[in-house]
Every structure is written in C-alpha cells, then in structure tokens.
Amino acid sequence: MKRKLSMMAMAILMATAATAQNDWTKNIKLGGYVIGEYQYSSQDGKTPKDNFSTRLVRLSADGKVMDDFNYRVQVQLNGTPGSTSGPRIVDAFLEWQKYGFAKIKVGQFKRAFSFENPMHPIDQGFISYAQAISKLAGFSDRVGEHASNGRDIGVQLQGDLLPNANGRNLLHYQVGVYNGHGTNTNDVNSSKDVIGGAWVMPIEGLRLGAFGWHGTYAHKNNSNIVSVSRNRYAISGEYKHNDWTLRSEYIHSQGKAFTSNTASDINIKNNGDKADGWYAAVIAPIKQKVCHVKMRYDVYRDEADWQSSKNQYEVGVDYLFLQRVKAQLNYVFVNDRTLNKHNYSIVDCQVSVRF
C-alpha cells in the first residue's frame, strides 16, 4: 500500500508539472533537497562505529489552485522500500488561504505542536531535531508510532491576529484534529487527537508560545485494539535578530508506550507513564547568512527522571555555498544514563543541496 501511495504521489508531481500552464494553476514550484551524512560514534558496542548515509532525499511541488487555495505534495525517496521508513508520501495537503486570520488546511502535514517540529531539516541547524521533538512530536515517537516526521492526517485551522500600527501581527494560533496514527496510515481506534497552540510576538523577532495535545494511540492485533493516552504540553520561546537565533522548548508527556513500533504489538512497557525533555540552542553568525557557530544543550527523560535521561552537549559550525549548498560539522558529547557506559562522543558531517 505504501509503495502504491508513493507511486501515486510521484504521478501527482508529474501531472502537476505537465499542467503548469493551465489556467487553473498558478505559481507552481518544483523543488527538493538532498542531505548526505557521515557519522562516527564512540558508543560502546555500536557497530559500525562510522557510516556514510543518505539522510534525506525529497521532491516537492507547491502551487495555487485559483486564487485562494495553496497545495503541497512532497515525497521522500530514500529509505528501505516496502517499509514505513522507505519511499513514501510526506506532505499532501490543500489550504484555503483567503483570510489571513483563518486558514484551513486539509490532508497530511505537520502537527500543530512546538516551534521546531515544522522547521525545514536544513534550517533547523543541528545534527538533527532535538530529542524532545523526535520522541514527543511524532518523529520517532515514544508511544510506538511508526516514523512520521512530525506529521499526521487531519484538518487544521490557523491564523494571525492583532496587527500593530506597522501591520505586524502580534498573535498566531493554530488548532487541528488528526487521526493520531501518523503518516500514510488509517485511524485504528476511531479516536481523534486534538492539538493546538498559540504564540505572541510582542517585539519583532520574538515568539513566546504554548501548545497542548490530547489524544490516544492504538495498536491492533486481530480483533484486539489496545490504546494508550497521549497528553502533552509544550512551552516554547525563540528570538531571531541579525542572523542570531536563540531557541528553547520544554515538552511534557503523560501516557504509556508500546514495546515496539510494530502495528500488531499490543504489549505495553512497564516504565511509568510520564516523560519530558527540553533543549536550549544558540546559533551565532560569523558571517551573516553564510557561516555560523552553534551550541545546544539537549535533554530527554523517558521516565521523567534523571535515571532515564539522555543528555547531549553539541557544538558545531556551518557554511553556505552559493545559497544552495550547505556543509556543517557537529560534535556531540552524550551522557546516556540508561547505558552501562554513560559517556560517548559523536562526530557528524552533513552536506545538503537544495534545488
């Protein structure tokens, strides 16, 4: 089924390109990116210690239908064929954008949760998304959901309100209803997730926000359906000015988890029902828009205590070539208290190309 969906998405991309000159389409844009990666880890027992890989290969089409509807189709091409991490549809949605204070989006897209989740993987700035985002926003979710890149299928309302004297909006809100089972997957237990958030922008470049998530997640084995709750909140802050970025978020989760991300696994972990995580990141320009140094303190606690914590201390540098090619080098010191040998290091180099 997943392979058919990917083929269908590719067909949509090709058909969209072929009809770009039709009256009903406007401003169509085809694009994509490739991220290549080399990583070395000194973690005890890890094999292999180092590895070259293709982190992401994606192709997208964005455009308009008439004047008020925007659409986006994005497919991921790398991964293991036939698996939920292989070639697949990432985004497929239509958004009515006639009114800036009330836009309606339908399809598959990013969940309305946290500041970092909707960021582009290249612009996010570090070795990967923070652990709290990965585990508690639907990337490699702790509950046992398949890898969904922070996305789900549903409908969302969002908008900007309270413009000041200069026309800059001071408030943004977003709320969505989702299946609760991630990308390219039907609902299992007929219970929907409600996710929403809002942030204020009192001065230019500053965002202060809060998010909430109420829902369930289920696995099914024959006629047996087992559900776990997924109740979460996030507190977020970000400031951008003169190519400086300061960003920090805290996320708390309440709810049990399955022992694996196999859809037929109905066994639940006996590890408590709470988890949390937070990060604080700084990106500073050496040469504006071209070269940056960066630091991040990143913590995830799978049982909301220090015995289950994984602490990462990351430093790095990036350089942008010709606005299209970006190279970055990162070093991470890891203190993982769930391992016998807590401490190890990671060296990661990534080269990304946009087209």
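Considering only residues of the range 214-240 that are charged (D, E, K, R) and open to solvent by less than 70 Å² (accessible area, probe 1.4 Å), which is nearest to S148 (Cα to Cα)?
R230
Select from the range 306-352 the residues that are closer than 22 Å to T245 by Cα, touching a residue at least 40 places away in the same chain (Cβ under 8 Å) and of a type outside the set (S, T, N, Q) and list them in ascending order.
E314, G316, D318, K326, V332, D348, C349, V351
Under the condition of being part of a loop (DSSP other than H, G, I, E, B) and of a type in the set (K, R), which residue from the range 149-193 is surrounded by the most Cβ atoms within 10 Å (Cβ to Cβ)?
Applying the filter and picking the extreme gives K192.
Considering (1) at pLDDT 95 or above; (2) open to solvent by 60 Å² or more (accessible area, probe 1.4 Å), say which one G196 fails and leave the rest.
(2)
Which of the residues belonging to the range 241-296 are surrounded by 15 or more Cβ atoms within 10 Å (Cβ to Cβ), in contact with a Gly (Cβ under 9 Å, 6 or more places away or on another chain), under 28 Å from P202 (Cα atoms) and not charged (D, E, K, R)?
T245, L246, S248, Y250, I251, H252, A281, I283, H292
Scanning the range 302-324 for residues that are of a type outside the set (G, A, S), part of a strand (DSSP E or B) and touching a Phe, Trp or Tyr at 6+ places or on another chain (Cβ under 9 Å), which turns out most open to solvent (accessible area, probe 1.4 Å)?
The residue in question is Y313.
Search the range 35-50 for residues being more than 22 Å from N335 (Cβ to Cβ) and part of a strand (DSSP E or B), and hand back the single one that is least open to solvent (accessible area, probe 1.4 Å).
So, considering only residues that are more than 22 Å from N335 (Cβ to Cβ) and part of a strand (DSSP E or B), the one least open to solvent (accessible area, probe 1.4 Å) is I35.
In the range 99-119, what residues are outside any loop (DSSP other than H, G, I, E, B), hydrophobic (A, V, I, L, M, F, W, C) and open to solvent by 10 Å² or more (accessible area, probe 1.4 Å)?
I104, V106
Out of (1) modelled with pLDDT of 95 or more; (2) open to solvent by 30 Å² or more (accessible area, probe 1.4 Å); (3) out of contact with any Pro (no Cβ under 9 Å at 6 or more places or on another chain), the odd one out for I122 is which?
(2)
Identify all residues within the range 51-70 that are of a type outside the set (G, A, S) and over 23 Å from A147 (Cβ atoms); write none if there are none.
D62, K64, V65, M66, D67, D68, F69, N70
Could we say that G138 is under 18 Å from the mean Cα position of the chain (by Cα) and open to solvent by less than 50 Å² (accessible area, probe 1.4 Å) here?
yes
The values are calculated or read from the model by the stated rules, or taken from the named source; none is laboratory data. Given the structure is predicted, the values throughout are model-derived calculations rather than measurements. Glycine also receives a Cβ, built like all others from the backbone with ideal geometry; neighbour counts cover every protein chain displayed. Each accessible area value is taken on the protein alone, full model and side chains, heavy atoms only, with ligands, DNA and RNA left out. Shrake-Rupley method; radii C 1.70, N 1.55, O 1.52, S 1.80 Å.
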